[in-house]
Amino acid sequence: MIFWKEHAGLRMILMAVTFVLGMVLVIRGWMMTGRMAGLGLMLLGVALLLVTLYLYNARFADRKKH
């Protein structure tokens with residue numbers, strides 16, 4: 001098993017960091033409306049938000065369905 005999946009505290013820190021950084025990038029990119037760099041920042045921010053969802057759901061992925 002992967003180390004960060006077993007430790008709830010580490011997973012929470014990773015989720016907090018990726019969420020905050022993702023939101024900052026989305027907002028900064030939104031403030032640069034009309035520029036290609038703004039679109040890139042927003043896409044990177046959305047990718048980090050998806051990483052946050054992956055980290056959250058990773059805890060439940062190993063459980064078997066009954």
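The values are calculated or read from the model by the stated rules, or taken from the named source; none is laboratory data. Not measured: the values here are computed from a predicted model. So basically every Cβ, Gly included, is an ideal-geometry build from the backbone, and we count neighbours across all protein chains shown. Please note that ligands, DNA and RNA were not included when accessible areas were found on the heavy atoms of the full protein model with its side chains. Shrake-Rupley method; radii C 1.70, N 1.55, O 1.52, S 1.80 Å.
May I ask you to verify whether Met42 is open to solvent by less than 90 Å² (accessible area, probe 1.4 Å), in contact with a helix residue (DSSP H, G or I) (Cβ under 9 Å, 6 or more places away or on another chain) and more than 14 Å from Tyr56 (Cβ to Cβ)?
yes
Could you please tell me which pairs satisfy a Cβ distance under 8 Å, a separation of 6+ or placement on different chains, a first residue in region 38-49 that is without any contact (Cβ under 8 Å) to a residue 12 or more places away in the chain, and a second residue that is surrounded by fewer than 17 Cβ atoms within 10 Å (Cβ to Cβ)?
Gly38/Arg28; Gly38/Trp30; Gly38/Met31; Gly38/Met32
Considering region 1-18 alone, what residues qualify as being modelled with pLDDT under 90 and part of a helix (DSSP H, G or I)?
Hits for region 1-18 are Phe3, Trp4, Lys5, Glu6, Ala8, Gly9, Leu10, Arg11.
Quick one: in region 24-66, of everything that is under 19 Å from Gly9 (Cα atoms) and of a type in the set (D, E, K, R), which residue is modelled with the highest pLDDT?
Within region 24-66, the match that is modelled with the highest pLDDT is Arg59.
What number of residues in region 24-36 are among the hydrophobic types (A, V, I, L, M, F, W, C) and either open to solvent by less than 60 Å² (accessible area, probe 1.4 Å) or not in a helix (DSSP H, G or I) (or both)?
Total satisfying the criteria: 3.
State yes or no: is Leu21 modelled with pLDDT of 95 or more, in a helix (DSSP H, G or I) and surrounded by 15 or more Cβ atoms within 10 Å (Cβ to Cβ)?
The answer is yes for Leu21.
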